[in-house]
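All remarks here apply to the structure that follows.
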Amino acid sequence: MPLIGVFDSGVGGLSILDEALRQLPQHDYIYLADSANTPYGEKSGSWIAERSLNLCKYLADSGCDAIVVACNTATAEAIKQIREQLQIPVIGVEPGIKPAAMQSQNGVVGVLATEATLNSDKFNALLATLPSNCHFIKQTGAGLVPLIEAGKADSEETLDLLAKHLEPIQDAGSDTLVLGCTHYPFLRKAIRKLLGDSITLIDTSEAVVRQLKRQLEQLVFDDMSAIQDHGSVNFVSSKDDAVLLQMAQDLMHSDLEMHKVRSQMLGNIR
């Protein structure tokens, strides 16, 4: 069976893994969280590129047939280099500003993302391709990722910080909000509490997994006879694998008991 690597700076990519387990539960997965270095959004582009490449090389060396870079910041800073270096399919994630522009009724779209993503050449090149009559309110979500990583997605502290970040988006009259970091889908409940149900939330995890599925269909695997209903999931952390596993159980909708699950610490990566 195919082995799929899912890499993120922390627990944000669990939103992608959750969708992958929904669409492709029969495959085996390695989820790699670089929690010792999260958040990536506040680090330099060169550091993000080098670290992301090294971690994806680790996944390739572990036997992965495809890798999802389930981190908007890492995708923006490193995806080109990773694809050049690895000989397997590498799927990235990026803020869903294109579908947001198509769905917005009033042409005002909020984009909540990390500073590194909003400042990246990749993001701004994508922005330049979109209709000029759509106005994007770009807002950094500084401080949100560490709170989610600490298991405080539903806390009052997170709600207060999120309210400050969403204020410019709300004041501009945005009818659509792009969740431009894979951590942010875990704030859906808080966002709804602040903005109500009328605003459209754009999360690209479903589209990312569809792309993964298309890539896998182009590959040939030796033994597809032993197809299983539910594959294995190995959670690997650079900080604390037990905490990562607990966060996965708390944040994900998938029933991990249906899968063979284990966790381990990440060894030294240069």
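A few comments on the model shown:
- Candidates S132, S174, filtered to the one that is open to solvent by 10 Å² or more (accessible area, probe 1.4 Å), among the hydroxyl-bearing types (S, T, Y) and touching a residue at least 12 places away in the same chain (Cβ under 8 Å): S174
- Selected residue (criterion: surrounded by the most Cβ atoms within 10 Å (Cβ to Cβ)) from residues of the range 248-265 that are without any contact (Cβ under 8 Å) to a residue 12 or more places away in the chain and assigned to a helix (DSSP H, G or I): Q249
- Among the residues of the range 103-121, those that are open to solvent by less than 60 Å² (accessible area, probe 1.4 Å) and either over 13 Å from I202 (Cα atoms) or of a type in the set (A, V, I, L, M, F, W, C) (or both) comprise G107, V108, V109, V111, L112, A113, T114, A116, T117, L118, S120.
- Some residue of the range 209-220 being under 21 Å from M252 (Cα atoms), out of contact with any Gly (no Cβ under 6 Å at 6 or more places or on another chain) and open to solvent by less than 20 Å² (accessible area, probe 1.4 Å): yes
- Residues of the range 73-102 classified as of a type in the set (D, E, K, R) and either open to solvent by less than 60 Å² (accessible area, probe 1.4 Å) or under 18 Å from I16 (Cα atoms) (or both), total: 1
- Restricting the range 8-57 to residues that are in a helix (DSSP H, G or I), among the small types (G, A, S) and in contact with a Cys (Cβ under 9 Å, 6 or more places away or on another chain), the residue that is farthest from Q264 (Cα to Cα): G41
- Search result, residues across the range 177-204 that are more than 18 Å from the chain's Cα centre (by Cα), under 18 Å from P99 (Cα atoms) and open to solvent by 30 Å² or more (accessible area, probe 1.4 Å): S198, T200
- Flag: L166 matches the condition of being more than 25 Å from V68 (Cα to Cα) and buried (at least 17 other Cβ atoms within 10 Å of the Cβ).
- Residues of the range 165-197 that turn out to be of a type in the set (F, W, Y) and either out of contact with any Leu (no Cβ under 9 Å at 6 or more places or on another chain) or part of a loop (DSSP other than H, G, I, E, B) (or both), as a count: 0
The values are calculated or read from the model by the stated rules, or taken from the named source; none is laboratory data. Predicted model only: the values in this text are computed from it and were never measured. Virtual Cβ from ideal backbone geometry, glycine too; neighbours counted across all protein chains shown. Calculation scope for accessible area: heavy atoms of the full protein, side chains included, ligands and nucleic acids excluded. Shrake-Rupley method; radii C 1.70, N 1.55, O 1.52, S 1.80 Å.
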